[in-house]
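Read through the structure below, which is laid out as structure tokens, and then see the notes.
Values quoted throughout were computed directly from the atomic coordinates according to the rules given, and no laboratory measurement underlies them. Here the structure is a predicted model, which means the values were calculated and not measured. Positions of Cβ are generated from backbone atoms using ideal geometry, with glycine treated the same way; all protein chains shown enter the neighbour counts.
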Amino acid sequence: MSGSMLAREPAEQDLVLVGGGHSHVLILRQLAMSPPSGLRVTLISPAVFTPYSGMLPGLLAGHYGFEETHIDLLRLCQWAGVRFLVDTVESLDPEARYVCCEAHKQVSYDILSIDIGSQPELDSVPGAGEFSVPVKPVAGLWDRWESLAAADDLLGRRIAIVGGGAGSVEIALAIAHRLGDQKPTIALYCGGAEILAGYTRGARRAVENQLLAFGVSLRCGHRVSQVTETQLQFDSTQAADYDTLIWCTGAVAASWIKESGLPVDERGFMQIEDSLQSTGYPNVFGAGDIATQHRHPRPKAGVYAVRQAPVLAENLRSFAAGRALRQHKPQTGFLSMLALGPKLAVAQRNGLSVRGAWVWRWKDRIDREFMQRFRDLPPLKMAGSTQANKSLDAPAQQAPCGGCGAKVSGDSLHEVLAELRELYPDLMPQAEALDDAAPLGTTQPIVQSLDALRGLVDDPWRMGRIAAQHALSDLYASGAQPHSALALVTLPFAAPALLHRDLRMVLDGALSVFRESGCRLHGGHSMQGPELQLAFAVNGVLQAGNSALHKRGAHPGDTLIVSKVLGSGAVFAAHMQGRMDGRHVEGALLSMEQSNAVAARVARDFHATAVTDVTGFGLAGHLLEMLGDTLCAELRLNQLPAMPGALDAMAEGVFSTLHIPNRQALAKRWMLPAEAPLQAQLLFDPQTSGGLLMALPALQADGALRALRERGVEAAVIGTVGKVDSGADTPILSFS
């Protein structure tokens, strides 16, 4: 469910935004303030945070922190009521109207907008892509930069930067300023006769003097012809050794733009009209560096994307409504500001340039004002109540039907199943084998479970994965091998085409999980309702020679181990209030998508005496079920593993709505000590698709913990099991 909690009319069209560029983040804000009727908006971006390019040199120089220079896309979309898919687009079919993504596979659209920026040219120089660190994507550069800046000894380390434009000189000076005391050797290699082509002589001289003052060696006329692991080779047959290579050459377009059949310019960038529409496909829009207005070509600079944003927002809204579009003519010039390492900058416009600390302050104020728009998000007004879709053939005022009248149409359902059967032929019965009931087809003992979730995030594919893992966890906790499943899917009211897309994404996500465990999807039921809800009835079989694992059976002296980290309830409670860092939300989602199959195998291999999965009643609730009336436990509160962001949310008083009921339900059985650490609150936090809690013989615990961690499962020893003395006032839980 969108954390913005805005009630909207049922969607009739899908607007898909590809990329978190400057234009798109601005139009997200504008569309949120005045939501278009009947238009569902989805953003696809490979990262939760998107950088503001104007502040990147200041980030590398140490003037800003990461959060000051990046926009939290997940938080922005949650506030705006926009679906956010963390994924990378790999291809586009503008005729069939869908993009193909690395994880989500096919995402269909009615209207598409592309704002993915550009990337450094790597393919034309052998070895550049393999051995260099490209300046884009910024996430890769930042990760490499952090490890470099944290190195103990950089004396004499050779840092090479290839490029001659504004970005390359700003990065060279930022690195020189930040690492100057450690005295690395920094060289800037430019293929042209001089740096900063198109800049004034005064601006160029100011930059060259600054490079000289910071000891950056400038090598113009050095066009790189080949890169090896340790050496740059030039057209002139000269060579230069390096230890770290940063690539910041001219911009090129992602290859899938041209491969899609969209009209492109001579360099492969989208060719667009002044309405920002593709010259070949009116329902495809483009903005920022990836697009070229063929009537008014301009250099690749972020300022143009910012100026395009209001026009793009208006035109996307108008196109969806069938209205005339606005024309955009970009300005011929703009104020350009270059950071010079320390808090110093040079600015130029209309042939004039100035330099000084006051220019930096000017630039800093402009940049901070831009970022402030995405940090202080205003409250949004509640929209009108949800009504029936006006585009349907039913009377306009008829409310959505209940009972079987709420089912997704049969045609759409069969089409989705046919599409998914091609992707997962081994997990779905053939059409002629479909029936209202299916035999399990096994003589082995059957374990059955049922679990359901409301939508937690607006990504149907991820919700399918999370709900499937959540349901399978009961089978894993019992030691059963998943065998088959039935689905119950409730989709938010929408036009038939959108219901088709959503059902496909939900089931595709679930099947991607079922494929990992060999679980077949025999069928199920689909409905429409006010929000997304998913339920799976799952069947598992016990392998020959294996008995079931049970919730009860722990012995005094056993060690308690929990797999996965705790705190998803608090993380998503804060997310719904717009108070959680998007990276922490993404981390929580990745944890939920992780299977408990490995933990179950470890539990069996190391002779666990009791196992249960940790879900809605929290660790304490499920532990007390495990202990029963005859056992007690001593817990190590400081060792309870917490998700990043969970304890911060709790410290601010943000808890899941089930947290207090969980705590109150257990209050009569034991009490926390007065000086309990904040981590103790993790005991009551409801988990969605949480880990396994297992009791193991003490001699097996170290081996089990090591096996879990070696196989990529986060796990921790959290306590030991004891025995309740008959007639004694022994607490069920004690703490150390």
Shape call, region 269-316: gyration tensor on alpha carbons, a/c limit 1.5: oblate
If I stretch the segment between Glu415 and Leu450 completely, what's the gain in nm (0.36 nm per residue apart, minus their alpha carbon distance), one decimal? 10.0 nm
Between exposed GluC sites (Glu not before Pro) in the chain, where DSSP calls loop and at most 12 other Cβ atoms lie within 10 Å, what's the longest gap? 267-651
At R0 = 41 Å the Cβ-Cβ FRET efficiency linking Glu422 and Ser34, nearest 0.05, sits at 0.50
Considering only C-alpha atoms, what is the centroid distance from region 24-53 to region 604-638, in Å? 43 Å
Built amide H within the under 5 Å cut-off of Val133, gap 5+: Leu245, Ile246, Trp247
For region 625-736, just say rounded, prolate or oblate: build the C-alpha gyration tensor, square-root its eigenvalues into a ≥ b ≥ c, call rounded for a/c under 1.5, and beyond that prolate if a/b exceeds b/c, oblate if not. oblate
What percent do you get for the relative contact order of region 122-230 when only Cα pairs under 8 Å and 6+ apart count? 32 percent
Whole-Hz ³J(HN,Hα) from phi, Karplus 6.51 cos²θ - 1.76 cosθ + 1.60, for region 678-692, glycine and proline x: 4, 4, 4, 5, 5, 4, 9, 6, x, 9, 9, 6, x, x, 9
Expressed in nanometres to one decimal, the distance between label points 7 Å along Cα→Cβ at Gln226 and Arg326 is 5.4 nm
Run the numbers for Gln577 and Ala197: contour at 0.36 nm per residue of separation, minus the present Cα-Cα distance, in nm. 132.1 nm
Tell me the trypsin sites (Lys or Arg not before Pro) within region 586-685 that lie in a loop according to DSSP and have at most 10 other beta-carbon atoms within 10 Å. Lys668
Return the Cα extents of region 1-97 along principal axes one, two and three, sorted largest first, each rounded to a whole Å. 47, 32, 20
Based on the Cβ-Cβ distance from Ala240 to Glu710, what FRET efficiency comes out when R0 is 41 Å, to the nearest 0.05? 0.45
Phi-derived 3J(HN,Hα) across region 697-702 with the Karplus relation (6.51, -1.76, 1.60, θ = phi - 60°), rounded Hz, x for Gly and Pro, is x, 3, 6, 9, 5, 4
Lys and Arg at +1, Asp and Glu at -1: neighbours of Ser689 with Cβ under 12 Å from its Cβ sum to -1
Scan around Cys101 for amide H atoms under 5 Å from its own, H built in the peptide plane at 1.01 Å from N, and keep only partners 5 or more places away or cross-chain. Glu90, Gln106, Val107
Assuming 0.36 nm per residue, please report the length gained on full extension of the stretch Gln372 to Glu90 beyond their Cα-Cα distance. 98.3 nm
Mind listing the long-range amide H neighbours of Thr185? Cut-off is under 5 Å, sequence gap 5 or more, other chains count too, H placed in the peptide plane at 1.01 Å from N. Gly156, Arg157, Arg158, Ile159
Which option, [x] 49, 34, 24; [y] 57, 27, 24; [z] 47, 27, 25, is the value of semi-axes √(5λ) of the Cα gyration tensor in Å that was calculated from these coordinates? [x]
